[in-house]
Every structure is written in C-alpha cells, then in structure tokens.
Amino acid sequence: MGKGAFDVVVVGAGSVGTPAALALAEAGLDVLVLDRFPSVGQGSNKAAIGGIRATHSDPAKISLAKRTIEILAAWEAAHGQDIEWRSGGYVFVAYTPREERILKDLLVVQHAYGLGIEWLDAKALLEIVPDLNPRGLIGGTHSPGDGHCSPLLACHAFYDEARRRGASFRFGEQVTGIEVREGRVRAVRSNKGYYETQVVINAAGPWARAVGKLVGLDHPIVPDSHEAGVTEPVAHFLDPMVVDIRPAPGSSNCYFHQLASGQITFCITPDPPIVGEDCRETSAFLPMVARRMVDLMPRLASLRVRRTWRGLYPMTPDGSPLVGWAQEIEGYAMAIGMCGQGVMLGPGLGELLARMITGTLTSDDHEVLEVLSPHRSFVAHEALK
Amino acid sequence: MRLDRHPILPIEREEPFRFTFEGQELDAYPGETIAAALVAYGIRTFGYHPKDGSPQGIYCANGQCAQCLVIADGKPVKACMTLVQPGMRVEAAAGLPELPRVAAPPRMKEVERIRVPVLVIGGGPAGMSAAIELGARGIRTLLIDDKHRLGGKLVLQTHRFFGAQDAVYAGTRGIDIATRLDREVRAQSSVEVWLSSTALAVYSDHAVGILRTGREYVLVAPEVLLVACGAREKSLLFKGNTLPGVYGAGAFQTLVNRDLVRAAEKLFIVGGGNVGLIAGYHAIQAEIEVVGLVEALPECGGYKVHRDKLARLGVPIWTSHTILSANGKEGVESVTIAQVDERFRPIPGTEKTFPCDTVLVAVGLDPVDEFYRKAQEFGMQAFAAGDAAEIAEASAAIFSGKIAGRRIAQALGQPDVEIPPEWERMAKILKSKPGQRGAPPPPPGGDVFPVLHCHEEIPCNPCASVCPQRLIRIDPDDIRRRPQYVPTGGKACLGCERCVVVCPGLAITLVDFRRDQDNPTVTVPFELGVAAVREGDRVTAVDASGERLAEVTVAGVRVIGKNDRTVLVKLSVPRRIATRVAGIRLRARPDAKALPQPVERLADDEILCRCERVTVGVVRALIRRGVRDMNEIKAITRAGMGACGGKTCGPLLWHLFREEGVPLDEVTSYVPRPLFMEVPLALFAGAEETRDA
C-alpha cells in the first residue's frame, strides 16, 4: 500500500501529466503522479506521431505550443538527452480552391498572432517538398518554426528529469476515489494506496471523464480513435510534416513526416469520427491512408509499411482543451481534452499548471486560461484543429 | 558453391544468366533468390547496418527480418524473398537506402474484399491436412502459403518421418509427404490455393489482410479461420550472435535443401534437439563438414536415433557445453564453447575454440500464433493446428490438422462429422516427447534376423508395419513402446531388409549368417549417396552411438527401386561384433581439433534486438534500474521497433528478465501489432507491384 502526503497529485503520466510533474517539481512542490498503466506514456502518448506546431488559430494553443517548441528545441543542449527534435516545419498543401481559401483565411489570423507562416505557390512549395505530386498543386502554407520530436523519448526525458527533481511516480495504480471534505480536495485513493493532498490535477486524457466522476463532475470529454503507422527507414528526403486537408472517403486530414530514424510516420483523421475507446486495428485504415499518401507523394509508393496502431483523441465539444480549476471543488484542476494535441501542448501547459498552482500566473496565462476555461460555453469551433 | 549432387534431392537447373553484385558479374539460375545466388559465391555480407556499420547477412531466410537488405536495381529489397533477374544490378546496403524517385502515382483500384467459409493460413503439414478434410466435405476453403509451393517445412526434410505408418505416412521422406499432401489438396475441387501469399494482419472487423502472390493486397473475411503458420526459431544471446554466418536451422535448411547452395564449409551446431540434430545430418548430406554440436543439458533432447546418426558419422557432440562466442570480423571465423556447471554457468578454463564459418542456432521453436491470438481477441471463430497450436513433430502436425479440419466442418454445421476417438489418442501420442530408454535385448537366435538399435520410446512404427512375417512388434495401442523382434508361430525372418530400409532412425540392421557363420553379412542403411561407397571398399564399422568397432570390407551395395534413395550397404564382419554394428563411417573423424588457445571475443556485443542493434548490456541496465514494462524498454532503446516487430527479441527479453531473477508476473509484454511483414504502401493503395516477387 502506498501512502504519504503530497502537495499535488497528478492523475495520468502521459503527454500532459509528465511535463506537468516536471514543472511542479521545478517549482519546489512535492508531487506524485499516478497512472494505471505499467510505465510512463503508455496511454495515448505512445500512439502520437510527434508533430509539433505553433501555427494554430486559437491564441491559447498558439501560446502553449510556442512554449513547447522552445522547451523541446532546447532540451538536448540543456539536458544532454536526444528527443529527436527536428525543426522541419509544417506544410499544408492546397490542390483545390477550397484548401487555398481555408489556408489563406487562416493566415490572416496566424499573422495577427505573429506566427512565422507564409503562403507559397506551387513552384516555391516544390522547392521545399520536391516529391509532392505537382499535378494540380496550387500552393500551400509553410511554417518553418514548427517541427517534430519523438513523443516517447520526450515523455521519458520529462519523466527522468521530473524524478531527478524529486517527483514521485507510481504505475499500475488506478485512482478509485478523490476525497473531498468541506468543498476541498483532501486525498486521493487508488487501488494500491491512499495519498493526502490539497490539489489534484486530472491529466487522464481519454479517461478524464471517469476521473471527473470521482468528484461528481461530468467533463464533456469523448474519445475517438485515429489510426497511425510507420514505415521502414530510408535516407532523409523530407523535412516538414506534410498535411493534406482535402476530404476523402472516410477521412478528412492526412499527414505524415519523416522521423529522425528515417522512417515515415503517418496518420489520418477519420470522418465521420470513430467514437469510443476501441484501439483494435481495422482493415479500413491502410487502404484509405495509403491511397492518399501515394497520390500526394508518388515517391512513397515503394516504401514499405512496418507497423500500424490506433490511439485515442480525447475530444471536447469545440475541439479545444479544458484547463483550469473546478468552480465546485477547491483544489481540483483539469488539464484535459487535448483533442489529440497533448504532445504539442503538454510541455507548455505543464509550466502554466505549475504557475496556476503556485499562484504565479502572468497576464498572458490569464488570457490562455480564459480561452481554455472548462466553464466556457461550447459554441465556436476552431477552423483547423 | 551450388550443390551439384545430393543423395536425396533432385538437382535440376535451367540455363544460367548473369547479374552483378557490387559490379562483379555472377551467374544465377531461374528461380533463385538474390540471397541464394550470393551465398552460392560465398558472399555472406550483404550490407552494413545503418546504426553501427556492423556487417549484415542472411538471418531468417523467411522475409521476416530485414537483415538481408540489398539494393537491387536501385530499390531496397530483402534478398531472401526477391528472385534474382537477368541483368539485375545488386549493391550492398550501406547506410539507409535512397527511396527511388517516381514521376507519377501508380494506377490504384479498390482493394478487393472476399468472403469465404474457411481461410487456412499456412500450407504446411497441418494446413494441408485440414484442407484435405474440408475439401472431402465439399467445404469452400481458401488455403494460403507464403512460399512458392505447398509443404511448409516438409519440403526441407530429406529424412524419413517417424510416427504411425497407416496414419501419417511414417517411413516416407518429408519432401515426399509434401508432394503427396499437395496432390491430395489439389484434388479437392472446393479448395483454392494461393501460393506466395502472406497473411499480414487479422483485423478487428474479422477481415484478414493478405499479400496475394506477392503483388496485390486483398482482404479476406472468413467464417472460420484456421491458423497453421508453424513455428519460428528461438534466438540466443552470445557474443557475436549477429555475425553473418550465424543463423537458425530453418534458414540453413532453406539455403541448402531448397535453394541447393552449400551455405557453409564448416558448420557448428548449437542445440541438441531434433531440429539441430536433423540439420546436422542434412548438412552432411550436402557434403558440409559438421565441426561439432553443443548441448547445454547432460544429454541431447532430440531422439536418440537422430543423435546416433550424427555420432556414427563422426560428429563430436559436446553435452553440458554452451557457446560463448562466435568470433570474426566480417563473418564467423571460429566458435568458442565451454563446459557448463549444473546451473548452466560456463566453467572457466574449459573454453575451446574451433575454426568454422557457420554457427547454426537450434535452441527450440515458438509457435507462430499471433494471428490466432488476434482472432480470439476479436471474437472470430478460429482454430490453430500444428506447431502454431503446439510445438511437436510434423507427424503430429498432420494429425492436428486433420482434427482441426473436422472441427471446422462441425463448426460450420456439417451433419455427421465425427472425430474418431483414436485420432485424438494418436494426436496425443505423436506429440509426446521421447520416453524411457531401455537396455538392448540379448541378440536373437537364427541364421538371419534384424537387430533393432532403437532403445528409446518414441512414437514410431514403420518397422512393425512393413515386416511381412509380422515378427517385429510394437504395442498397437501405443506406438511409443519399443519395437521387439519376436520370432513366433514357426515363422522366421525372411531377410527381406524392408525394416532396414524403412526405419527413419536408420537404426535397424540385418545380420545374416546364411552364407558365412564366422563372417556374417550385416546390412546397414546408408543415405549419403550410392556413389560414396562401393563393393570392396574398406570402411569403419561403428556401433549405434558411433564407437569404432573394426575396419571391415563392403561386400555389396544394394539400391532399391529408382525412386528410393536409401542405399543398403552389406558388410562382411567378424561374428563377435555382428550384432553391434549399426553403421559405417567413410572417413576418419573430421578435423575438429580445437585451436591451441581459445579465442576470447572482447567486445560486449551480445545483441538483443538485431533489427535495431540494441545490446544486452543496455537492456540489462534498464532491468536492474527497475524497468518491468517491455514497452518502456522499447520506447527508450527501440528494441522491438525493427522490421521483425519483436518476434526475435521478445522471447530473448523474457529470457533476460528470467536471468535477472525478475518474477515474470511483474513483467509487461510487448503489445503485438500488425503488420506481420513489411509491405509497400502502393499495394495497400490498390496498386499492383512486383518488387518483392
């Protein structure tokens, strides 16, 4: 039986909970992370393909992801651990006037937030991604400051550093109760322990709703699943993440990039969404995604697929995360509903959570928290998730 | 070198053509893989690993790993799966291969979806036997196999099979059983066969992804799935375990008995189970010198008759020994072994090094059961048969397949399909391990009689089945009992030699005093080719376990029928040793002298994950730090992320946890994921392609 008293208990050692634990430990807090899986990042983190971009259209996500990029880009120099960060940028391609319009409309917003992203015509775009199918290519956006990393290695790096700074992690522990007395969090109970604490952060990803129920709250988080894959390694030929937002039968977006290992990793956004927690492989995925990839980049035709898997996107009604304190229960915080962007938001978000808990929020933080407030009304929907 | 003769296998080659490797012009024959054509020239290093530059060569010979990667006409391909073509330019793979540029996307069509009552994955003994049962009942069945012919590992087996003659063709050679079963499968009008077709994944929507004839991706949705994919070989941790020249018995048999190349000059075998013993015998049939065999246990685990066959041919068998290292730079140059104590730890000072060019690892098999597990997880109606269900002899696989075929017929609602209770009993008997060993009985009397050098309980009865006088008896209810020669009822041995010919263990001789009471004729079976021994030759007569008895003269050689390849050698031997002679040795023991000083391989380079070049040291350190989730080891080190998908390192990792004293219930296994084999994106996109034909 585990026991003890902690300043903060984080539920979930994934893309959000792990960097949050590091930031909290760095802030001098005694932090415990509980996770039901046997080791770090075994929920949705390991299923992520690792694209990191600041070029969103929502100011809160822009702010968090910008900070994430700073953290990831500086990590190896600061800690000597290679997390395979590559600043290859993102390219969104346009083959029809529809995408051209969507992307150009977004540019206006993105430029307003000072993001480094520009429109390139077909010729200029082919200089950056020479293997794009030139047929019908109108152009696209390029954001050179974005990049990608290994979610597994980054999560482990945060985990190692957090433990070095004194954070505790306990795996194979399912949180079974959160004790609330007089309107305030008092303790967390798991299948293997009992931990006194004044603060709980729900960072349970697709399983956040069940954790919320332990304090009587119903978080509007519904997971859906996306399938991804990885190929054999080949010599480096592709710098940016390539995103195709043309709708196709069964899917909306399709995106891929080349890993530091030389492998191509790829994913699609199912449309309509496949709601639920089912992560078992389907026969629909490979024919669907392969056709799109080979059409978009014919050079991929002979590249061999090595592995596929499925991971969960904890979705919110408007496609933006829910971050902040619960109004009903003192000491209960949410960092949930990352909508598949936990890896790119987590590190920035972790630091914000630490400031939130230590009462050192900046004015920018307040703006972010307002946008991501769990108590907002869900009306708008971000143009490009 | 290519084999130009073989005592058992026919050698037929068409006209050769030229191809190049690293600019050098070489000959190849139609139907040869790139790997076979290179090995035929003694080329064992096919490339260098992009991570550490270590030499890479053939390992699985089965399309599962990617160690035999070469660049053929500009494209990275697996040398073991790709047929060499006239004029093909083959280059060694060094660093990561360039992805060839392509002008336009290929033509793509919808991926075909096919419904079928029964899908059988694997056309080996189990899959074929099941398909025959299903076909006999008119049940529409699709049988797929990833090789270019049916038979599975039977097609590599030149020896006669054990088991029950009436039930599983015992006494017939594996290659011939394959042909007979193939013919029976083809006679079933309701059975469709796809060759060169690999199952890639079983999906949760109950479809099975198949790479059809290596060129087209299709989805097959069966009502019932039978997984009969056989087994894969276990790997082993030792220094130098990934050097070119270290490979599994299956890969070796594929190169020698299928591709007909002499894949080694001097071979050392690790593992004294049936697989290692038989592979050693096959090597000798291909005129490859077997330098020695190590077995960690005090006795070989395989059938004694298999062990004795090797020992009689002069192969040194080192029991209670283990391999310490395979030594060499670009490939195996020698092997270092040592004696082990009762806890299997090497005893310092007992190291011995033998020159050899090949180390064959035969330390056991694991079922290829991932499709079955997935199908069960996904709630499909699924069965497993043969080694995919339980590791056993091929004879057991035949029975297990027959039973599975009938179970499927029952599951599909066929009325009146019964599984005879004796089938179940026979299946159990055929799966049994070797039992008790007994002392040889006193020699029988009479002028002519067989001597049964078979003193271990194994499931086998051909000798009893062929005796025209019914004088060789084995308990008909349990063919594991030892055979006995019992002359009764006034009947006597006719000296027909049928038992000598048919014994799979080459463990029966015929002693005949009829012509000469002092120097009787002893007939021994011989499988190294009719040309190897002639009347009048002086040869060494040896006893059952290979001890030299005397130099004797060959009195005659009998060849039976043009299709049978067992030669009967008649020896004139002194009376006092007549009943002890079990075989002959043509040459003196091979020159298996140890080097004066054992070689110690210093680099601590035991490789756990050969795809990603992860060493044991790195992983051991993680385990000692408390890591218990294999997926965490994978995340940190990449072990298991390679082409083979953890099929090789997974079992080794379990072994390492055990070695480190970790209770295995604390360990979380790798999560198994598709695909079974790497396949080009274009094929999933519905294009047709011929890269890995």
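With the condition kept exactly as written, say whether any residue in segment B:103-126 is more than 30 Å from the chain's Cα centre (by Cα) and away from every other protein chain (no Cβ under 14 Å). For segment B:103-126, residues more than 30 Å from the chain's Cα centre (by Cα) and away from every other protein chain (no Cβ under 14 Å): present. Applying the selection to segment A:144-182, what residues are away from chain B (no Cβ under 13 Å), of a type in the set (Gly, Ala, Ser) and either surrounded by 23 or more Cβ atoms within 10 Å (Cβ to Cβ) or over 30 Å from A:VAL91 (Cβ atoms) (or both)? Those that are away from chain B (no Cβ under 13 Å), of a type in the set (Gly, Ala, Ser) and either surrounded by 23 or more Cβ atoms within 10 Å (Cβ to Cβ) or over 30 Å from A:VAL91 (Cβ atoms) (or both): A:GLY147, A:ALA162, A:GLY166, A:ALA167, A:SER168, A:GLY177.
Within segment A:208-238, take every residue that is more than 14 Å from chain B (Cβ to nearest Cβ) and in contact with a helix residue (DSSP H, G or I) (Cβ under 7 Å, 6 or more places away or on another chain) and give me the one that is surrounded by the most Cβ atoms within 10 Å (Cβ to Cβ). Working first, answer last.
Step one: list which residues in segment A:208-238 are more than 14 Å from chain B (Cβ to nearest Cβ), which gives A:208-224, A:226.
Still in the list and also in contact with a helix residue (DSSP H, G or I) (Cβ under 7 Å, 6 or more places away or on another chain): A:218-219, A:221, A:223.
Details: A:ASP218: 8, A:HIS219: 21, A:ILE221: 26, A:PRO223: 24.
For segment A:208-238, the residue satisfying everything is A:ILE221.
Those strands (runs of 3 or more DSSP E) of segment A:173-241 in which 1 or more residues are modelled with pLDDT of 95 or more and under 21 Å from A:ALA5 (Cα atoms) occupy A:175-181, A:184-190, A:193-202.
The requirement of being at pLDDT 90 or above, over 25 Å from A:SER261 (Cβ atoms) and in a loop (DSSP other than H, G, I, E, B) is fulfilled somewhere in segment B:33-41, by at least one residue.
From the list B:LEU260, B:LEU211, exactly one residue is within 23 Å of B:GLY152 (Cα to Cα) and either assigned by TED's automatic domain parsing to the domain that holds B:SER196 or more than 20 Å from the chain's Cα centre (by Cα) (or both). Which is it? Result of the check over B:LEU260, B:LEU211: B:LEU211.
Scanning segment B:192-208 for residues that are part of a loop (DSSP other than H, G, I, E, B) and closer than 14 Å to B:GLU112 by Cα yields a single hit, B:ALA207.
Of all the residues in segment B:334-366, those that are closer than 30 Å to B:PHE676 by Cβ, at pLDDT 95 or above and part of a strand (DSSP E or B) number 4.
Just to be sure before I move on: is B:SER465 part of a helix (DSSP H, G or I) and over 30 Å from B:VAL191 (Cα atoms) in the structure I sent? If you could, list the steps in order and put the result at the bottom.
Working: part of a helix (DSSP H, G or I): yes; over 30 Å from B:VAL191 (Cα atoms): yes.
Answer is yes for this residue.
Kindly indicate the residue of segment A:28-84 that is in a loop (DSSP other than H, G, I, E, B) and among the charged types (D, E, K, R) and also farthest from the other protein chains (Cβ to nearest Cβ) among those meeting that condition. Write out each step before concluding.
Applying the first criterion (in a loop (DSSP other than H, G, I, E, B)) to segment A:28-84 yields A:28-30, A:36-44, A:48-50, A:53-58, A:80-84.
Those still in the list that are among the charged types (D, E, K, R) too: A:30, A:36, A:53, A:58, A:82, A:84.
Working: A:ASP30: 21, A:ARG36: 12, A:ARG53: 23, A:ASP58: 30, A:ASP82: 11, A:GLU84: 11 Å.
In this case the residue turns out to be A:ASP58.
Against the test of being buried (at least 24 other Cβ atoms within 10 Å of the Cβ), outside any helix (DSSP H, G or I), in contact with a helix residue (DSSP H, G or I) (Cβ under 7 Å, 6 or more places away or on another chain) and within 14 Å of chain A (Cβ to nearest Cβ), the options B:LEU267, B:LEU211 yield a single qualifying residue, B:LEU211.
So that you can scan it fast, the table gives a plain yes or no per residue for (1) modelled with pLDDT under 90; (2) farther than 22 Å from B:ALA178 by Cβ:
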{"residue": "B:ASP387", "(1), (2)": "no, no"}
{"residue": "B:PHE399", "(1), (2)": "no, no"}
{"residue": "B:ARG407", "(1), (2)": "no, yes"}
{"residue": "B:MET426", "(1), (2)": "yes, no"}
{"residue": "B:LYS431", "(1), (2)": "yes, no"}
{"residue": "B:PRO434", "(1), (2)": "yes, yes"}
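The numbered conditions (1) more than 14 Å from chain A (Cβ to nearest Cβ); (2) buried (at least 22 other Cβ atoms within 10 Å of the Cβ); (3) in contact with a Cys (Cβ under 9 Å, 6 or more places away or on another chain) are all true for B:ALA66 except (1). A:SER302 passes every criterion in (1) modelled with pLDDT under 95; (2) surrounded by fewer than 21 Cβ atoms within 10 Å (Cβ to Cβ); (3) within 14 Å of chain B (Cβ to nearest Cβ) apart from (2). If I filter segment A:260-288 down to residues being under 18 Å from the mean Cα position of the chain (by Cα) and buried (at least 20 other Cβ atoms within 10 Å of the Cβ), which single residue comes out as farthest from A:MET315 (Cα to Cα)? Checking each candidate, the answer is A:THR265.
Candidates in segment B:664-686 are the residues that are under 13 Å from B:TYR217 (Cα atoms) and more than 7 Å from every other protein chain (Cβ to nearest Cβ); of these, the one that is modelled with the highest pLDDT is B:LEU683. Residues in segment B:86-102 that are buried (at least 16 other Cβ atoms within 10 Å of the Cβ) and more than 7 Å from every other protein chain (Cβ to nearest Cβ): B:MET88, B:VAL90, B:GLU91, B:ALA92, B:ALA93.
Condition check for A:ILE102 on (1) part of a helix (DSSP H, G or I); (2) buried (at least 23 other Cβ atoms within 10 Å of the Cβ): one failure, at (2).
Can you tell me how many residues within segment A:124-143 are among the β-branched types (Val, Ile, Thr), surrounded by 20 or more Cβ atoms within 10 Å (Cβ to Cβ) and away from chain B (no Cβ under 14 Å)? Number of matching residues: 1.
Say whether the condition of being in a loop (DSSP other than H, G, I, E, B), buried (at least 20 other Cβ atoms within 10 Å of the Cβ) and within 14 Å of chain B (Cβ to nearest Cβ) is met by at least one residue in segment A:289-298. Don't jump to the end; show me each part of the working.
Kept after step one, since they are in a loop (DSSP other than H, G, I, E, B), are these residues of segment A:289-298: A:297.
Remaining after also requiring buried (at least 20 other Cβ atoms within 10 Å of the Cβ): A:297.
Next, from what is left, pick out any that are within 14 Å of chain B (Cβ to nearest Cβ): A:297.
The answer is yes; a qualifying residue exists.
Considering only residues that are within 11 Å of another protein chain (Cβ to nearest Cβ) and either modelled with pLDDT under 95 or more than 19 Å from B:VAL368 (Cβ to Cβ) (or both), which ones fall in segment B:189-208? Hits for segment B:189-208 are B:SER204, B:ASP205, B:HIS206, B:ALA207.
Which residue is nearest to A:GLY359 (Cα to Cα), if the candidates are limited to segment A:16-25 and must be touching a helix residue (DSSP H, G or I) at 6+ places or on another chain (Cβ under 7 Å) and in a helix (DSSP H, G or I)?
Quick first cut of segment A:16-25, residues touching a helix residue (DSSP H, G or I) at 6+ places or on another chain (Cβ under 7 Å) only: A:16, A:18-25.
Narrowing the set further to residues that are in a helix (DSSP H, G or I) leaves A:18-25.
Details: A:THR18: 20, A:PRO19: 18, A:ALA20: 15, A:ALA21: 16, A:LEU22: 17, A:ALA23: 14, A:LEU24: 12, A:ALA25: 15 Å.
It comes out as A:LEU24.
Looking only at segment B:643-663, how many residues end up being at the interface with chain A (Cβ under 8 Å from one of its Cβ atoms) and in contact (Cβ under 8 Å) with a residue 60 or more places away in the chain? Please lay out each step first, then the result.
Within segment B:643-663, the first condition is being at the interface with chain A (Cβ under 8 Å from one of its Cβ atoms), and the residues that meet it are B:643, B:645.
Still in the running and in contact (Cβ under 8 Å) with a residue 60 or more places away in the chain: B:643.
The number of residues fulfilling the criteria is 1.
One residue stands out in segment A:242-258 among those that are in contact with a strand residue (DSSP E or B) (Cβ under 7 Å, 6 or more places away or on another chain) and outside any strand (DSSP E or B): the one that is surrounded by the fewest Cβ atoms within 10 Å (Cβ to Cβ), namely A:GLY250. Just name the residue that is farthest from B:ASN461 (Cα to Cα) out of those in segment B:505-516 that are touching a helix residue (DSSP H, G or I) at 6+ places or on another chain (Cβ under 7 Å) and not hydroxyl-bearing (Ser, Thr, Tyr). Among those residues, the one meeting the criterion is B:LEU510. The residue that is farthest from B:SER235 (Cα to Cα), counting only those in segment B:617-670 that are within 30 Å of the chain's Cα centre (by Cα) and of a type in the set (Gly, Ala, Ser), is B:SER669.
Pick out the one residue from B:LEU237, B:LEU260, B:LEU277, B:LEU225 that is under 23 Å from B:PHE344 (Cβ atoms) and at pLDDT 95 or above. Walk me through it before giving the result.
Numbers: B:LEU237 fails: at pLDDT 95 or above; B:LEU260 fails: under 23 Å from B:PHE344 (Cβ atoms); B:LEU225 fails: under 23 Å from B:PHE344 (Cβ atoms).
Of the residues listed, the single one that is under 23 Å from B:PHE344 (Cβ atoms) and at pLDDT 95 or above is B:LEU277.
Of note, B:ALA541 satisfies the criterion of being modelled with pLDDT of 90 or more, in contact with an Asp or Glu (Cβ under 9 Å, 6 or more places away or on another chain) and closer than 21 Å to B:VAL290 by Cβ.
The values are calculated or read from the model by the stated rules, or taken from the named source; none is laboratory data. Not measured: the values here are computed from a predicted model. Backbone-built Cβ (ideal geometry, glycine too); neighbour counts: all protein chains shown.
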